[in-house]
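Participant: Can you read through this structure? Questions will come right after.
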Amino acid sequence: FGLTLESAGDIDAFLDSPSVLGSSARSLTSGAGKSDATGTQLLESLEVELEGYEGQLKELNAYSEKLTREYNEKVELQEVLEKARRFFMSDAPRMAVSELGGRKSSGARTDALLSGGDDEARDMDMRFSSITGVVATEEKVRFERMIFRATRGNCYVRFAPIKQAITDPETGSLIEKCVFIVFFKSLSIEAKLKKICDAFFAHRYSLPDMDDAPAVDRMLTENAQELVDSRTVLLKNQDTRFRLCQML
């Protein structure tokens with residue numbers, strides 16, 4: 001091809017020239033810059049996506065905790081309703097007869113017959129208020145003793161054990177508990193009883209008038225259905241969190 005040594009030397013000099021080296025370096029730098037930019041964008045998009053999943057998981061966990069606490073409270077309420085209804089159907093009538101028989105003398109009966117219109121007022125005066133709830137079985141003796149001391153025996157307390165351990169709504173631990181019903185007739189005693197319940201971490205539940213059997217039955221049915229619905233929602237929540245973790 002007629003290539004001489006001088007021309008070959010010129011080619012080497014051309015390749016080593018700053019213009020050629022600069023253009024090559026610029027092309028390599030631009031390629032690396034594009035690669036770095038693409039990697040940074042990918043990492044940023046992944047970070048945004050992970051933050052979104054993290055937010056969803058936190059929301060689902062908070063919702064699950066709320067549902068679990070409400071579900072465990074409904075379990076306790078169901079036990080309270082069942083035990084209280086059984087008590088009022090069996091023991092309460094005997095207790096009422098005993099109270100009336102012990103408090104009414106023959107003179108009081110004569111006064112009631114003479115007064116006529118005061119009978120209803122006297123019957124209302126004989127009605128007791130009550131506090132119902134659940135307390136840990138291991139605290140039962142101390143709980144009852146404290147109530148007796150604080151009220152000087154002016155209360156009637158009944159306990160009914162729950163057959164199996166249940167989950168405490170506050171701690172989430174399985175605890176053996178029992179249902180309690182305390183009857184009293186004074187607002188000052190009621191305030192003392194509430195403080196005692198709080199001190200022993202006993203959960204109180206409001207019940208309808210136990211003499212109103214249809215209302216009690218309706219509350220039992222509604223609470224049982226809410227238990228079923230709550231369990232269904234909890235299982236769906238758990239499944240959603242599991243699938244979300246699998247995606248990560």
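Values quoted throughout were computed directly from the atomic coordinates according to the rules given, and no laboratory measurement underlies them. This structure is a prediction, so every number in the text was calculated from the model and none was measured. Backbone-built Cβ (ideal geometry, glycine too); neighbour counts: all protein chains shown.
Participant: With labels modelled as points extended 7 Å from the Cα through the Cβ direction, what inter-label distance (nm, one decimal) is found for Arg69 paired with Ser188?
Facilitator: With each label point 7 Å from Cα toward Cβ, the separation is 3.6 nm.
Participant: Enumerate by residue number the trypsin sites (Lys or Arg not before Pro) in the range 165-220 meeting two conditions: DSSP loop (anything except H, G, I, E, B), and at most 14 other Cβ atoms within 10 Å of the site's Cβ.
Facilitator: Lys185
Participant: Moving on to the next point. Going down the list Lys74/Lys163; Lys140/Lys236; Lys163/Lys194, which pairs span over 28 Å between their C-alpha atoms?
Facilitator: From Lys74/Lys163; Lys140/Lys236; Lys163/Lys194, over 28 Å: Lys140/Lys236.
Participant: Taking R0 as 41 Å, what's the FRET efficiency between Asn61 and Ala213 from their Cβ-Cβ distance, rounded to 0.05?
Facilitator: 0.50
Participant: Can I ask one more? Under 5 Å between amide hydrogens, which residues at least 5 positions from Ile162 or on another chain qualify, with H placed 1.01 Å from N in the peptide plane?
Facilitator: Answer set, sorted by chain and number: Lys177, Cys178, Val179.
Participant: Put a dot 7 Å past each Cα toward the Cβ at Ala136 and Asp198; how far apart are the dots in nm?
Facilitator: Label-label distance for Asp198 and Ala136, simple model: 1.9 nm.
Participant: Multiplying the sequence separation of Ser45 and Arg243 by 0.36 nm and subtracting their Cα-Cα distance, what value in nm do you get?
Facilitator: This chain segment gains 69.2 nm when fully extended.
Participant: Let me ask something additional. By how many nm would the segment from Glu176 to Asn154 lengthen if fully extended, with 0.36 nm per residue of separation less the alpha-carbon distance?
Facilitator: 5.1 nm
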